[in-house]
Amino acid sequence: MEREQESLKRLSQSNFGRQAAAYAGNWLLADTGNLNDILTLLDISKQDRILDVATGTGFLAAVMAEQGSEVLATDLTPGMLRKAQTIIGE
């Protein structure tokens, strides 16, 4: 079972890692209107601490952090996180 899980993890990292540039250039994911609609639904306050799991290229994490919230963004795929760092910084 553990070997199977590790194999799936590596497969996922490989597949999504190859797509990081495409995700970074996807207008739908980066659209500020869409991101602001999500923020409205989330009703984030400056006191909130947020965990963004499967952040991908970090577009949503970035706008949540702009609200003054503490955001920790993580992803299974190192390639996605590297692209997020390039787009939004540390």
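The values are calculated or read from the model by the stated rules, or taken from the named source; none is laboratory data. None of these values were measured; they are calculated from a predicted model. Counting neighbours? That spans all protein chains shown, and the Cβs are built from the backbone with ideal geometry, glycine included. Surface areas here come from the heavy atoms of the whole protein model, side chains and all, with no ligands, DNA or RNA. Shrake-Rupley method; radii C 1.70, N 1.55, O 1.52, S 1.80 Å.
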- Message: Which residue fluctuates most in the GNM of the chain (Cα springs below 10 Å): 19, 47, 67?
- Response: 47
- Task: Rank these by accessible area, largest first, 1.4 Å probe: 44, 87.
- Result: 87, 44
- Item | Computed [θ] at 222 nm, helices only, for the chain once each DSSP H run of length n ≥ 4 contributes -39500 (n - 2.57) | -18000 deg cm²/dmol
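In whole percent, and with a 1.4 Å probe on the protein chains, what portion of the accessible area of the chain is carbon and sulfur? List each step's numbers first, then the result.
Values: 3380 of 6450 Å².
About 52 percent, which is the carbon plus sulfur part of the accessible surface.
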- Considering the dipole of the chain built from charges on the beta carbon (Lys and Arg +1, Asp and Glu -1) around the Cα centre, which of 44, 34, 79 is farthest to its positive end? 79
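Solvent-accessible area per residue for the chain at a 1.4 Å probe radius, Å²? Before the final figure, lay out each step's value.
Values: 6450 Å² over 90 residues.
Heavy-atom accessible area per residue stands at 72 Å².
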- Query: Pick from 17, 68, 58: which is most flexible by mean-square fluctuation in a GNM of the chain where alpha carbon atoms under 10 Å apart are linked?
  - Reply: 68
- Message: Using only the alpha-carbon atoms of segment 19-61 as identical scatterers, what base-10 log of I(q)/I(0) does the Debye formula give at q = 0.24, 0.31, 0.32 Å⁻¹?
- Response: -0.92, -1.17, -1.19
- Note on the structure: Helix 2-18 sits off the longest principal axis of the Cα atoms of the chain, rounded to the nearest 10 on a 0 to 90 degree scale, by 60 degrees
- Provide, in order from the shortest bin, the percent of all Cα-Cα pairs of segment 34-80 in each 10 Å bin, continuing until the bin that contains the maximum pair distance. 29, 54, 16, 0
- Message: Quick check for me: using +1 on Lys/Arg Cβ and -1 on Asp/Glu Cβ, what's the dipole size of the chain about its Cα centre, in debye to the nearest 20?
- Response: 380 debye
- Task: Using 0.36 nm per residue of separation minus the Cα-Cα distance, give me the extension gain between residue 10 and residue 66 in nm, one decimal.
- Result: 16.9 nm
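Sort 72-79, 33-40 by packing, meaning the average of other beta carbons within 10 Å per residue, with the highest value first. Don't jump to the answer; show the numbers that get you there.
Numbers: 72-79: 17.1, 33-40: 12.6.
Per-residue mean Cβ counts within 10 Å order the peptides as 72-79, 33-40.
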